[in-house]
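See structure below.
The values are calculated or read from the model by the stated rules, or taken from the named source; none is laboratory data. The structure presented is a predicted model; accordingly, all values stated were derived computationally and were not measured. Here the Cβ positions follow ideal geometry from the backbone for every residue, glycine too, while neighbour counts run over all protein chains shown. Ligands, DNA and RNA are excluded from the accessible area calculation, which covers all protein heavy atoms including side chains. Shrake-Rupley method; radii C 1.70, N 1.55, O 1.52, S 1.80 Å.
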Amino acid sequence: MIGFAALAVLAGVLVGLSRQINGRLALSTSAMESSFWNHLIGLIFITLAAMAFGGLFAGEPAASPWWAYLGGPVGVIFIAAGSWLIARIGAAQTAMLIIAGQMISGVVLDIILGAPGNPLARSIGVALILAGMWVTRPTRNRD
């Protein structure tokens, strides 16, 4: 279990790093162009990795429902929106709001799909995270 938790934390670090890198690229280009380069370079990387380690075409794509392929378009929107937001509200605020969205949608999906665990405890945990974000939000200078 500790190994899975460490992998999840590493994935979170990589998401934050990815947001920073794409946000910087968006400053020099645009959110859409940044997203384009992100996905093109990602495609090349995953293709080379799969060719080196195997597993690129190991499944049965036709066995998946049509909606299982919506992860690609959703990912493009996520990357482009994050790249656009970082330049406007900053990396920390963008990351916190993205995490809030992930936590809320994760708890809602767990409740809808009947995942094991206590839905009330999860909901309280998300509420505490959101409260922490509210307390630490940047304040506008009213001078």
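What part of the accessible area of the chain, given as a whole %, is carbon or sulfur when the probe is 1.4 angstrom? Carbon with sulfur: 75 percent of the solvent-accessible area. Using a 1.4 Å probe, how large is the accessible area of residue 33, given in Å² and rounded to the nearest 10? Its heavy atoms expose roughly 80 Å² to the probe.
Taken over the alpha carbons of the chain as equal point scatterers, the Debye sum produces base-10 log I(q)/I(0) values at 0.13, 0.17 Å⁻¹ of -0.81, -1.25.
The accessible area of residue 21, taken with all protein chains in place and a 1.4 Å probe, comes to roughly 100 Å².
Give the relative contact order (percent, whole number) for the chain; include only Cα pairs under 8 Å separated by 6+ residues.
Working: 66 pairs, mean separation 40.5, N = 143.
Relative contact order of the chain: 28 percent.
Heavy atoms of the protein chains alone define the surface here; on that basis segment 66-142 has 72 Å² accessible area per residue at 1.4 Å probe size.
By the scheme Lys and Arg +1, Asp and Glu -1, what is the net charge of all other residues having a beta-carbon under 12 Å from that of residue 92? Walk me through the intermediate numbers first.
On the way: positive: 19, 137; negative: none.
Local net charge: +2.
Taking the centroid of alpha carbons for each part, segment 1-31 and segment 78-143 are 15 Å apart.
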